[in-house]
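The values are calculated or read from the model by the stated rules, or taken from the named source; none is laboratory data. Values in this document were obtained by computation on a predicted structure and should not be read as measured data. Neighbour counts run over all protein chains shown; Cβ positions are idealised from the backbone, glycine included. In case anyone asks, the SASA skips ligands and DNA or RNA and just uses the protein heavy atoms, side chains included. Shrake-Rupley method; radii C 1.70, N 1.55, O 1.52, S 1.80 Å.
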Amino acid sequence: MRRKLVAGNWKMHGSLAENQALLGALKAALNGLQGAGVAVCAPFPYLAQLQAELSGTTLAWGAQNVSEHAKGAFTGEVSTSMLKDFGCTYAIVGHSERRSLYGESDETVAKKFMAAQAAGLIPILCVGETLAEREGNITEQVVGRQLDAVINAAGVEALAKAVVAYEPVWAIGTGKTATPGQAQAVHAFIRGKIAGLNKAAADGLVIQYGGSVKAANAAELFSQPDIDGGLIGGASLIADEFIAICKAAA
Ligand code: PEP
């Protein structure tokens, strides 16, 4: 059976003091949790704090983005080796906010995915459709295209060492959650598409759901056969909510 993974995406939130309180609560409640992995993805400046606070616990940490370049004249960018220096396990790539606000193309996301893996990080590859795309009945086309960019560049086997997060754009930070049935249908599509190329990679692939997951809806979402945990934005900033979500996955 696949292990579930819940990852928090703090987005551009936090302060040293706020993080300290949140991490203290998470460690007290989640260190040693059986049955589900737990990770938090913080803004770059706080990775050192995560390393200091979470080393020696079962909680992992990661970044919300990473450069596709190894080093050089890329002002403002952060490389995979820098993330490794701070003990990161994960790097989110292709979050819809990166795609829509910062113009990251499928090809750029694929390069970031490969750079992360080459450095020994586990990419959390975000895919998902906008509301207009869902209403236009092209959800599978869009998600398929986003996956193909990575499969064509990295090979389908690369997905066996990655996490995919299905995040319908219309559900992120909006309070509108996909129904368990809607989410399961897309998760099954993703797993089926990959199974058509490599069954072992598909069977082992952790596919998270993201989009307004909260304590009140987590258990039902996570009980779907192809939903292997969640990528959690807003609710990952509230200790009690995030703890309950992680426990619902375990
Ligand atoms: C996210 O940031 O990836 C996310 C899913 O946000 P939220 O849980 O707030 O919808």
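One table, with the values for the structure above:
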{"item": "Residues that are within 26 Å of VAL164 (Cα to Cα) and in contact with a helix residue (DSSP H, G or I) (Cβ under 8 Å, 6 or more places away or on another chain), drawn from the stretch 8-18", "result": "GLY8, ASN9, TRP10, LYS11, HIS13, GLY14"}
{"item": "Within the stretch 4-29, considering residues that are in a loop (DSSP other than H, G, I, E, B) and of a type outside the set (D, E, K, R), the one farthest from the ligand (Cβ to nearest atom)", "result": "SER15"}
{"item": "Some residue of the stretch 30-42 being assigned to a helix (DSSP H, G or I), open to solvent by 40 Å² or more (accessible area, probe 1.4 Å) and farther than 23 Å from GLY204 by Cβ", "result": "no"}
{"item": "Number of the condition not met by VAL127 [criteria: (1) open to solvent by 40 Å² or more (accessible area, probe 1.4 Å); (2) within 16 Å of the ligand (Cβ to nearest atom); (3) closer than 22 Å to SER67 by Cβ]", "result": "(1)"}
{"item": "Considering residues of the stretch 205-239 that are more than 16 Å from the ligand (Cβ to nearest atom) and either in contact (Cβ under 8 Å) with a residue 60 or more places away in the chain or among the acidic types (Asp, Glu) (or both) only, the residue least open to solvent (accessible area, probe 1.4 Å)", "result": "LEU205"}
{"item": "Top-ranked residue in the stretch 1-29 [being touching a strand residue (DSSP E or B) at 6+ places or on another chain (Cβ under 8 Å), of a type outside the set (Gly, Ala, Ser) and buried (at least 19 other Cβ atoms within 10 Å of the Cβ); ranked as farthest from ASP203 (Cα to Cα)]", "result": "ASN19"}
{"item": "Test: residue in the stretch 172-186 that is over 19 Å from the mean Cα position of the chain (by Cα) and more than 16 Å from the ligand (Cβ to nearest atom)", "result": "yes"}
{"item": "Residue within the stretch 89-109 that is away from the ligand (no atom under 16 Å from the Cβ), in contact (Cβ under 8 Å) with a residue 12 or more places away in the chain and open to solvent by less than 10 Å² (accessible area, probe 1.4 Å) present", "result": "no"}
{"item": "Single unsatisfied condition, ALA165 versus (1) within 15 Å of the ligand (Cβ to nearest atom); (2) in contact with a Ser or Thr (Cβ under 9 Å, 6 or more places away or on another chain); (3) of a type in the set (Gly, Ala, Ser); (4) at pLDDT 95 or above", "result": "(2)"}
